[in-house]
1. Rounded to a whole number of µm²/s, how large is the Stokes-Einstein D of segment 106-146 at 37 °C and 0.692 mPa s, given Rh as the Kirkwood radius over C-alpha pairs?
2. Just need log10 I(q)/I(0) for segment 19-219 at q = 0.07, 0.15 Å⁻¹, Debye formula, equal scatterers on the alpha-carbon atoms, no solvent, rounded to two decimals.
3. Can you give the convex hull volume of the alpha carbon atoms of segment 102-221 per residue, in Å³?
4. How big is the Kirkwood radius of segment 76-172, worked out from every pair of different alpha carbons and given in Å to one decimal?
5. Looking at the chain, which longest stretch skips every one of the trypsin sites (Lys or Arg not before Pro) that is in a DSSP loop with at most 16 other Cβ atoms within 10 Å, leaving the sites themselves out?
Amino acid sequence: MSFLILLVALPACQNKENIIYEEDFNYPDGELPVLWWSEGCEASILDGHLFVNADTQMPKVSTVWLNMELRGNVEITFDAHIISSQDTANNINAFFMYSDPNGSLISSTSERREGTYSSYHSLNGYIFTNVRNGEEKVRFRFRDNPGFHLLDEKFMKLESSDIQHIKIVKSEARIQYWANDQKIFDFEEDEFNPIHRSGYFGFRTWHTSLWWDNFKVVDLN
């Protein structure tokens, strides 16, 4: 009987996720936890979430980086909730596989102190844009830097907009982006720049107050 139980249990062990980083931001209100830093509007912990107010506080933009270099094939998931956006931007962006061709991304953070969008376009990496702008449908864009090259664009209505659950999957040149279990992009990327095989992840927003939570990185190598 015990031998049969072992045979049944083996597949479950083999399918276990290889989680390399997980963060629920469950800390007292205040400073960011270790491994995170922000550019533009300052990020903080609020009510157990990673919080940014780029709706009313200047410069109305923010990037929040995880100080961990990701390599190869990974899956990233997180939740995002928009609190307010006075000009209806409702912006939930992400930087993926980002690096500085001239050195360390964290060493050059002072050059991006204000979080100006254009300051990221000369770096290496992918940008996922997720913005509503007062419309019923969300506008999604997928870009490749350096060069701010547009790879794909979609306008889609999400089943739910209260909390967006985002998933990004990289498998070699194939990159997928999901929002609330809807596949937005499924793209083989090698058109403008060499495939970005390593780099950092960053949350990004514009003219929006929001929080992120339940962040997880799974190694798919």
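Computed from the coordinates by the stated procedures, all read-outs in this text should not be read as laboratory data. Quantities reported herein were computed from a predicted structural model and do not represent experimental measurements. Positions of Cβ are backbone-derived with ideal geometry, glycine not excepted, and every protein chain shown enters the neighbour counts.
1. 275
2. Summing over Cα pairs of segment 19-219 leads to -0.18, -0.90.
3. In segment 102-221, the Cα hull volume divided by residue count equals 131 Å³.
4. Mean inverse Cα-Cα distance, inverted, gives 14.9 Å.
5. It runs 17-112.
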